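First up is the structure itself, then whatever we jot down about it.
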Amino acid sequence: MELSLADRTVAGHTVLEVGGEVDVYTAPRLRERLIELVDAGARDVVVDLERVEFLDSTGLGVLVGALKRLRTAHGTFGLVCAKEPLLKIFRITALDQVFPIFPTVEAATERDGSGPAS
């Protein structure tokens with residue numbers, strides 16, 4: 001399965017919608033797109049994983065790298081994920097303690113203190 005990437009702005013956040021499989025073959029495209037967004041000035045980034053069917057350790061590494069890049073740039077980074085198989089990966093790796101994970105884009109982009117912009 002191919003990787004699809006599309007970005008949009010929601011409530012001042014850059015939302016990167018990811019679809020398909022994020023693996024050793026496709027993760028470099030995701031990394032490049034995240035770097036492009038940050039280099040273009042995006043500081044509040046949400047990665048929507050709702051259409052992701054598969055995520056391997058290479059993909060996790062790309063997400064960790066993006067989090068570090070945004071922290072260095074004084075930005076925020078959150079994930080949208082409600083799929084149990086993907087959530088299980090984040091729990092097993094303890095990355096659910098590292099990433100703010102939200103059930104919807106709306107929850108991730110709220111500015112009332114519960115979203116990543118807080």
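The values are calculated or read from the model by the stated rules, or taken from the named source; none is laboratory data. Being a predicted model, the structure only gives us computed values, none of them experimental. Note that each Cβ is placed from the backbone with ideal geometry, even for glycine, and that neighbours are counted across all protein chains shown. Side chains are part of the model used for accessible areas, which takes the heavy atoms of the whole protein and leaves out ligands, DNA and RNA. Shrake-Rupley method; radii C 1.70, N 1.55, O 1.52, S 1.80 Å.
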Conditions (1) at pLDDT 95 or above; (2) open to solvent by less than 10 Å² (accessible area, probe 1.4 Å); (3) over 13 Å from the mean Cα position of the chain (by Cα): number failed by GLN97 | (2)
When both residues are 6+ apart or on different chains and their Cβ atoms are under 7 Å apart, which pairs have a first residue that lies in segment 36-53 and is under 17 Å from VAL64 (Cβ atoms) and touching a residue at least 60 places away in the same chain (Cβ under 8 Å), and a second that is among the aliphatic types (A, V, I, L, M) and outside any strand (DSSP E or B)?
-> VAL46/VAL105; VAL46/ALA108
Could you grab me the full set of residues in segment 1-18 that are under 19 Å from PHE54 (Cα atoms), acidic (Asp, Glu) and open to solvent by 50 Å² or more (accessible area, probe 1.4 Å)?
-> GLU2
Would you confirm whether any residue within segment 17-24 is touching a residue at least 12 places away in the same chain (Cβ under 8 Å), within 19 Å of THR104 (Cβ to Cβ) and small (Gly, Ala, Ser)?
-> yes
Any chance you could count how many residues in segment 90-112 are without any contact (Cβ under 8 Å) to a residue 40 or more places away in the chain and under 16 Å from LEU67 (Cα atoms)?
-> 10
